[in-house]
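Laboratory data are not the source of any read-out in this text; all were calculated from the coordinates shown. Just so we're clear, the structure is a prediction, and the values are computed from it rather than from any experiment. As a convention, Cβ positions derive from the backbone with ideal geometry for all residues, glycine included, and neighbour counts pool all protein chains shown.
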Amino acid sequence: MSDESESVGFCGVVIGIVFRLELGKLSNFRRLIVSERIRWVKEDPTRKNVFWPSEALKKQAWVADDSIYAEAKSDPEAFWAKQAEELHWFKHWDKVYEFTPENYKWFVGGKLNISYNSLDRHIEAGYGDRIAVIWEPEPVEEESVKLTYKELHDLVSRFANVLKELGVRKGDRVGIYLPMIPEAVIAMQACARIGAPHSVVFSAFSPDSLRDRMTDAGAKVLITADGYYRRGKPINLKKNADAGVVGTPVEKVVVVRRLGGDAPMNQGRDLWYHELMENASNDCLAEQMDSEDLAFLLHTSGTTGKPKGIMHTTGGYAVQSYVTAKWNFDLHEGDIYWCTADVGWITGHTYINYAPLMNGVTTVIYEGSPDTPDYGRMWAIIEKHKITQLYTAPTAIRMFLKWGDEWPEKYDLSSLRLLGTVGEPINVDAWMWYFDKIGGGCCPIIDTWWQTETGSNMVNSLPGIGPFIPTVAGRPFPGVIAGILDAGGSPVPAGEGGYLTIYNPLPPALTRGIYGDMERFKAEYYTEYGSERYFTSDGARKDAQGNIRITGRVDDVMNVAGHRLATAEVESALAQNENVSEAAVVSRPHEMKGEVPVAFVLLKAGIEHSEEVKKGLIKTVDSVIGPTARPDEIIFVDDVPKTRSGKIMRRVLKALVRNEPVGNLTTLRNPECVDSLKEKVGHKEQGGCS
Ligand code: WTA
């Protein structure tokens, strides 16, 4: 035993020295490359941290003329119809848009198929040999998989026939519970091909979550896998699928063999994907879908405990997804685009699968964790596949920042041309780090605001137009009309906070309803400001130029001594303090002020939890927002509860500071941290921690 540990220690030293030498050499190499990169952005000489597209980017971008906004606003229907012409329609629409309260339709009478637009359209244009998908498995020793458009078309058609053989018909819902493997895209595309709406469930969701969603969707077939690799370990997904389908309408379970072993199969119910595919024909005509036929369901959390099955229809979703990806990410022939979301989220549906494929570029799928085998994996993948666009989330960027500059510095990231973010407000530090360290100061950052409900991006700066400003998403995408309103429905002046709403004509990709619960749909989105204004539940403010800054969900808004304040704003302020790694803020009732913010703060490695540091934090908040935003209490913690997609579960923190039951913790990634937080805040509630 002692021999073994000595030799490990010895090896460690040797590797350490070699590693440092290599690192020095490589970072010089990277600096060289960065200095030679095309600068797609230029700094605004008059304003700090404001960037504009360079002449080169303006020349290359699909749109570079600001007049597009006014043009689209003057006739949104004509704008969207023009974009729709770029896709393939079996039958042209008769009418562009039709509106009656809570019931809006796009491209009425048109017939199309999203899978046909993702695959056949490119093959017919002679691009079948282009790479559609690159799959990077987590184990580094495994080869990556590349599928051309022709190969993907072949697999999708075969699997579409498999589904038909299993009795799936147009309109039948199909469950998908798959990890980040090519079969996730194949399965979604196959469903779209035959017009069977899919209901994808994030693979790290629990069996209970799967059960609820399958029951709500009424799915008779589920596609899953034996497992996948996460942080070097095989994860048994089949076990969760087996538990999750009990008591649901699911009759058949198709199992993809990812791990290679013999998962226990339930006779009569379970079928191996590879066996079904062996005998399936690759000839499957794409179903001619009505523009308003249901494309898919995706469950998302609302304010109540019951997830909502958000419905997206075919034509409007296809058109807006296609054009937003094309313009926002500046997609061109030969691009190798990587969106790091999971296919289980709307971002994965739209911007891993449908939109990049409809644009004919290469979409990259990574199976595993960004820290496996080490903190450099993200950057290794970018170097290996020469990724041109990277689209990720602020929570991930903050984590990479915490891991340190040495990791990206080891790799050549000069293939990157554009960066994107989504999912939550991004703080200045994270934005600047992403811009400098990952983009080498050369790439625009496209901060895209949207939701599961909106299906596609709705607010962001366009690469050829700009500006790119930390924490500011930008203007509504052309053809989208948005307003920031006060509680009474009047627009607020520039610089003031209000509620972000989207006006009629309601954009093509916007959800058409909550599956099986149209009353809730109406209540949650079209009651606040009436049926012609979609209520987003997000707070926002815009500057004099109309650039919108999202301040966070209004469900997390506080009213501190008469001042409206988003918890996300206080978080963003705290994150600007040099000692802070991450901050989560919730409100607590206060006798005098109504509500006050309470901050949970994670400090950077090596920083002591001291009164001195606390004072520094208060000073930062004072200077960024003002004394009204001062946290009433700052609690230093080692971790905060997060969902599996990495979003902080403020609901749990709120319950902790209010001494209320913390409720169901099954969807947390790290439920274990809740007990230590309870101790810290002196939470009295017993039980409730399932
Ligand atoms: C938040 C994710 C700030 C917002 C696509 C929204 C953002 C919720 C941004 C939807 C952004 C999304 N800046 N906040 N760029 N993008 N959000 O349904 O609060 O998972 O309402 O969709 O994420 O989350 P969802």
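I need the phi-derived Karplus couplings for region 423-434: 6.51 cos²θ - 1.76 cosθ + 1.60, θ = phi - 60°, integer Hz, Gly and Pro marked x.
x, 6, x, 9, 8, 4, 4, 5, 4, 5, 5, 4
Before rounding to the nearest 500, sum -39500 (n - 2.57) across all DSSP H runs of length at least 4 in the chain and divide by the residue total; then give [θ] at 222 nm in deg cm²/dmol. Show your work: numbers first, answer last.
Details: 21 runs with 214 residues, N = 690.
One gets -9000 deg cm²/dmol as the mean residue ellipticity at 222 nm.
Pairs 384/604; 220/654; 220/386; 91/252: which are spaced more than 32 Å apart, C-alpha to C-alpha?
Violating the 32 Å Cα-Cα cut-off are 220/654; 220/386; 91/252.
What does the charge dipole of the chain about its Cα centre add up to, to the nearest 20 debye, if the Cβ of each Lys and Arg holds +1 and the Cβ of each Asp and Glu holds -1? Provide the component values of the computation, followed by the final result.
Details: 78 positive and 93 negative charges, 122 e Å.
It comes to approximately 580 debye.
Which residue, chosen from 149, 108, 139, occupies the Cα position most advanced towards the positive end of the dipole of region 90-152, where the dipole is computed from +1 (Lys, Arg) and -1 (Asp, Glu) charges on Cβ about the Cα centre?
108
So how do 377, 258 line up by other beta-carbon neighbours within 10 Å, fewest first?
Values: 377 20, 258 23.
Going from least to most buried by this count: 377, 258.
Arranged from highest to lowest average of other beta-carbon atoms within 10 Å per residue, in what order do the peptides 151-158, 276-283 appear?
151-158, 276-283
Which peptide among 128-141, 500-513, 481-494 comes first, and what is the full order, when sorted by highest mean count of other Cβ atoms within 10 Å? Kindly include the intermediate steps, with their values, before the conclusion.
Details: 128-141: 17.6, 500-513: 24.0, 481-494: 14.8.
Ranking the peptides 128-141, 500-513, 481-494 by packing returns 500-513, 128-141, 481-494.
Taking a threshold of 22 Å on the Cα-Cα distance, which of the pairs 647/678; 95/522; 48/647 fall above it? The partial results should precede the final answer.
Details: 647/678 20 Å; 95/522 25 Å; 48/647 29 Å.
Beyond 22 Å between Cα atoms: 95/522; 48/647.
Loop only per DSSP, at most 14 neighbouring Cβ atoms within 10 Å: give me the GluC sites (Glu not before Pro) in region 564-661, ordered by residue number. Can you show the working numbers first?
Working: sites: 569, 571, 578, 582, 591, 595, 608, 611, 612, 633; in loops: 578, 591, 608.
Filter output for region 564-661: 578, 591, 608.
Name the long-range amide H neighbours of residue 423: under 5 Å, sequence gap of 5 or more, or other chain; modelled H, no Pro or chain starts.
Counting only residues 5 or more places away or on other chains, the set is 450.
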